[in-house]
Protein chains: 4
Amino acid sequence: MFYEHTIELFKKRGVQLEEIAEIVYNLQQPYHPGLTLDECLESVQTVLKKREVQHAVITGVSLDQLAEQKILPEPFQTIMELDEPLYGVDEVLALSIINVYGTIGLTSFGYLDKNKQGVLTRLNNHDEEIHVFLDDIIAGIAAAAAARIAHKYPNIERYFTDRKRDRHGSN
Amino acid sequence: MFYEHTIELFKKRGVQLEEIAEIVYNLQQPYHPGLTLDECLESVQTVLKKREVQHAVITGVSLDQLAEQKILPEPFQTIMELDEPLYGVDEVLALSIINVYGTIGLTSFGYLDKNKQGVLTRLNNHDEEIHVFLDDIIAGIAAAAAARIAHKYPNIERYFTDRKRDRHGSN
Amino acid sequence: MFYEHTIELFKKRGVQLEEIAEIVYNLQQPYHPGLTLDECLESVQTVLKKREVQHAVITGVSLDQLAEQKILPEPFQTIMELDEPLYGVDEVLALSIINVYGTIGLTSFGYLDKNKQGVLTRLNNHDEEIHVFLDDIIAGIAAAAAARIAHKYPNIERYFTDRKRDRHGSN
Amino acid sequence: MFYEHTIELFKKRGVQLEEIAEIVYNLQQPYHPGLTLDECLESVQTVLKKREVQHAVITGVSLDQLAEQKILPEPFQTIMELDEPLYGVDEVLALSIINVYGTIGLTSFGYLDKNKQGVLTRLNNHDEEIHVFLDDIIAGIAAAAAARIAHKYPNIERYFTDRKRDRHGSN
């Protein structure tokens, strides 16, 4: 319903779906050598068609925008400007995105949060813009899209890996 | 209530609380230079005093043990022996541990799952033993204990870091 | 993959999918007057096709069975026999089922847990059998199947209700 | 840190902590005959001292206020005005509150959401005000405070009840 709107929101905030697809590719390619960027993009698009995900994007990006406009009530405005490290609502929202494809996406999410890649690094290097929610949302969408691919190739994945820990990386 | 029993269970499975404390130390020391191993151990012990955590440990370790004894009903026995990569109940249990100290522990959990440290590596290199649940449980406890420390030093943390992403790493 | 096996497990434990469909019908019919039992059954079947759900069913029902056979290690065996009220792993598993269709199923789950209907009452009146996990799993599946129907009829639902609280009931 | 501010926010939105304590009392009194309203109030206050809970309150109430001021970007403004039934971010936030005291609070939350009591009914009968988040937040806090009491009296609870289902109701 809000699929087109969600993609518009990402564009407005400087994020192309192709960039999210690249993160998915980097996460999954080691486990599925034949994986293409197009498949990753399609997986990202499918995740974005879920209403739960659209609502999370609309809520989180709105909060980022309102913080940039400096119209959030205090102390919320300051929490957002400081990107207060103990504020966890951004992770809570991201978790609701990941859960749509099961908990196996949790690992990728934590990994992305520590080892920022591509668009995630860029979002964190802006001084004027506020992306408290957007970066976690993108990491959550990438983790969910990667989990979706892992679910699609259960046997291939098992074939190429010997131990769960490795395979787990594929989630 | 089951605090002593939980520690016994860990010992039986070859895990010392000090080893979990070391993971916590490695996660948090960069953000709290004065942090000691003792404080980390105390944080691990506090996490283990939560009933929710004890129940998760008892359930998960029991399943690992029953799988080693080969008495789980099929196909559950095979799922456990293969450490089936798409099986996510171990992460679900770990998540219930992390949540006790808020979602900021999610990041550390995912990170530990990808970059095994100390005891986590050892648990994954045994061929005879089954630790499908134990490794996620330990990562969950370490993540929760680290989150607890981050919550205890909100100002120090904010002082030493400039950007949330860095600080976030401390969770 | 384990779809047929999951249905077999339910039968073995005395549960017909039609009984779960009835719960779904009772939850959703007030909001969708034209809803049929067949649609509810189809929704239950779709939920059961999710790998995440199959894994939760296999894990939980195995634990119930092992407790009936009295072969769980202590104190887990006693926790299961007492149906220890503060043991929350059964809810944790159920939550992982509900999350597959988003958080709007949370409400129905809590409601079903308090106001047992049909098969849920029967499961709670057996003295010999242990259904610590099964009843929460069934409530979780019914809540997810109901949420799925609510998601399918977004406009109808909005049309027939005036306030979210009422509508919310439909989740 | 934001404890006083959180209580101020509730007052501003017309909610007294005593009203939340009453819900807790109604949930738990059947299982703990000696329970007092004061103990329930103290439990509510303890829940409100958790940073995770304060952040959820600040975020949710801010969104309610911004919606009343009609300054949320579209389509978010309309979603909030309609109290769109399929919007689940309010439940996601409430869940992060409940989780602080473990999953046993899930049941009470769902129950409260269906059988509104006291302040929850009042919040739902206003036409001018928007309480999309506030009612779920209050139900979440009451469920967490009730779970906290259940955790404090594990034996009493077990003593007064025969079957988990009943006892479960106490969570």
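Read-outs throughout are calculated quantities, based only on the coordinates presented, and are distinct from any laboratory measurement. Given the structure is predicted, the values throughout are model-derived calculations rather than measurements. Heads up, the Cβs are rebuilt from the backbone with ideal geometry, glycines too, and the neighbour counts pull from every protein chain shown.
In a DSSP loop and with at most 15 other Cβ atoms within 10 Å, the GluC sites (Glu not before Pro) in segment A:39-132 are A:GLU128, A:GLU129.
Find the percent of Cα-Cα distances in segment B:1-78 that exceed 20 Å, and round it to a whole number. Distances greater than 20 Å cover 44 percent of the Cα pairs. Ordered by the number of other Cβ atoms lying within 10 Å of each residue's own Cβ, fewest first, D:ARG148, A:ARG122 fall into the sequence A:ARG122, D:ARG148. Our coupling estimate for segment A:22-33, obtained by passing each phi through the Karplus curve with A = 6.51, B = -1.76, C = 1.60 and θ = phi - 60°, is 5, 4, 4, 4, 4, 6, 9, 3, x, 9, 10, x Hz, Gly and Pro reported as x.
Closest approach to the axis carrying A onto B, counted by Cβ on chain A and given in whole Å with its residue, is A:GLY110, 1. Relative contact order for segment D:60-141: what percent, with Cα pairs under 8 Å and sequence separation of 6 or more? That works out to 48 percent. Per-residue mean of foreign Cβ neighbours for D:76-85 is 5 (Cβ atoms of other chains, 10 Å radius). The residues neighbouring B:GLY88, those whose beta-carbon lies less than 9 Å from its own, together hold a net charge of -2 under the Lys/Arg +1, Asp/Glu -1 convention. Sorted shortest first, the distances from the D:LEU82 label point to those of the same residue in the other copies are 3.8, 4.3, 4.9 nm; each point sits 7 Å from Cα along Cα-to-Cβ.
Each 10 Å bin from 0 upward holds the following percent of the Cα-Cα pairs of chain B: 11, 40, 33, 13, 3, 0. Per-residue shielding of B:106-118, expressed as the average number of other chain Cβ atoms within 10 Å of the residue Cβ, stands at 6. Take each residue of peptide B:44-56, count the partner chain Cβ atoms within 10 Å of its Cβ, and average: the result is 3. The modelled label-to-label distance for the pair C:GLU18/A:LYS114, using points 7 Å beyond Cα in the direction of Cβ, is 5.2 nm. The alpha carbon gyration tensor of the protein assembly as shown gives principal lengths a ≥ b ≥ c with a/c below 1.5, which makes the shape rounded.
Label sites at B:THR121 and A:THR121, each approximated as a point 7 angstrom past Cα along Cα to Cβ, lie 2.6 nm apart. Within segment D:43-67, find all residues whose amide N lies under 17 Å from a label point positioned 7 Å from the Cα of A:GLN69 along Cα-to-beta-carbon. Of the residues in segment D:43-67, D:62-67 have backbone N under 17 Å from the label point off A:GLN69.
With contacts taken as Cα pairs under 8 Å at a separation of at least 6 residues, chain A carries a relative contact order of 33 percent.
With label points defined 7 Å past Cα in the direction of Cβ, position D:GLN69 shows copy-to-copy spacings of 1.0, 6.2, 6.2 nm, given to one decimal and shortest first. Counting charges near D:VAL100 (Lys, Arg +1; Asp, Glu -1) among other residues having Cβ under 11 Å from its Cβ returns a value of +3. Here is how far apart the B:THR46 label points are across copies: 1.5, 4.4, 4.6 nm, shortest first, using a point 7 Å from Cα toward Cβ. What lysines does B:LYS11 reach when the alpha-carbon gap must be under 17 Å and sequence neighbours fewer than 8 apart in one chain are set aside? In chain and number order, the partners are B:LYS49. Couplings 3J(HN,Hα) for segment C:40-54, derived from phi with the Karplus relation 6.51 cos²θ - 1.76 cosθ + 1.60 (θ = phi - 60°), are 5, 4, 5, 5, 4, 5, 5, 4, 5, 7, 6, 4, 3, 5, 4 Hz, where x marks Gly and Pro.
Residue-normalised convex hull volume from the C-alpha trace of segment D:35-123: 123 Å³ per residue. Near C:VAL15, once Lys and Arg are set to +1 and Asp and Glu to -1 for all other residues with Cβ below 12 Å from its Cβ, the sum equals -3.
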